[in-house]
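The values are calculated or read from the model by the stated rules, or taken from the named source; none is laboratory data. The shown structure was predicted, so the numbers you read here are calculated from the model rather than taken from an experiment. Heads up, the Cβs are rebuilt from the backbone with ideal geometry, glycines too, and the neighbour counts pull from every protein chain shown.
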Amino acid sequence: MLAKRNESWGLFNPWRTVNDLHKEFLGLFDDLSEGLNRFRANYPKVNLTEGKKEFVIQMALPGYCHENVDIEVVSNFLRVSAERCQPELAEGERFLHLERSFGKIEEAIKLSTKIKSSQVKAKFTDGILTITMPKQETEKAKTIRITKSK
């Protein structure tokens, strides 16, 4: 069925109403997207690369001190948590504009292979945390011969 637009409908135009609802509906997604981006802005930006023998993670943590960063490695999971405290203001001072986030962040990443947790290395330079994690060697298949019972 083909609906035809009729300009003689006067004040009540159902197509205008549908169009307005459509715009309103799409606006909800814009608001949701903006909210998610603001929420995600508190989390670090991460680059993860995989080589033949190791994983390397680079995590942007500007404004964090290495003393406030914890790294935990178990099997094939990596967890990094960090905390950035809000600066103290002198008496009578107040923030007029505040965009930097403060508080605790945590990032957990599941890797495709187990890693050698005893050989994980981390360095923190210019606000970039680099974690190098050697992979555990996978067990090779073992062939088992069946002996004939007597």
Selection status of ARG79, free of Cβ contacts under 8 Å to residues at least 24 places away in the same chain and of a type outside the set (Asp, Glu): no
Unmet requirement for ALA82, which otherwise passes all of (1) touching a helix residue (DSSP H, G or I) at 6+ places or on another chain (Cβ under 9 Å); (2) exposed (fewer than 13 other Cβ atoms within 10 Å of the Cβ): (2)
Criterion: in contact (Cβ under 8 Å) with a residue 24 or more places away in the chain, charged (D, E, K, R) and more than 30 Å from LYS52 (Cα to Cα) - qualifying residue of ARG94, ARG100: ARG100
Members of region 103-113 found to be at pLDDT 85 or above and either over 20 Å from VAL69 (Cβ atoms) or not in a loop (DSSP other than H, G, I, E, B) (or both), listed by number: LYS104, ILE105, GLU106, GLU107, ALA108, ILE109, LYS110, SER112, THR113
Number of the condition not met by GLU93 [criteria: (1) of a type in the set (Asp, Glu); (2) within 15 Å of LYS45 (Cα to Cα); (3) out of contact with any Ser or Thr (no Cβ under 7 Å at 6 or more places or on another chain)]: (2)
From the options LYS150, LYS140, LYS114, residue that is out of contact with any Cys (no Cβ under 7 Å at 6 or more places or on another chain), closer than 19 Å to VAL56 by Cβ and basic (Lys, Arg): LYS114
Long-range neighbours under 7 Å by Cβ, at least six apart or interchain, first residue within 12 Å of LEU129 (Cβ to Cβ) within region 46-69, second basic (Lys, Arg) and not in a strand (DSSP E or B): ALA60/LYS45
Among (1) part of a loop (DSSP other than H, G, I, E, B); (2) farther than 19 Å from LYS52 by Cα, the one test that ALA82 misses: (1)
Criterion violated by ARG100 - all others in (1) assigned to a strand (DSSP E or B); (2) among the charged types (D, E, K, R); (3) surrounded by 11 or more Cβ atoms within 10 Å (Cβ to Cβ) satisfied: (1)
Residues satisfying the stated conditions in region 114-141, i.e. modelled with pLDDT of 85 or more and either in contact with a Gly (Cβ under 7 Å, 6 or more places away or on another chain) or assigned to a loop (DSSP other than H, G, I, E, B) (or both): LYS114, LYS116, VAL120, ASP126, GLY127, GLN136
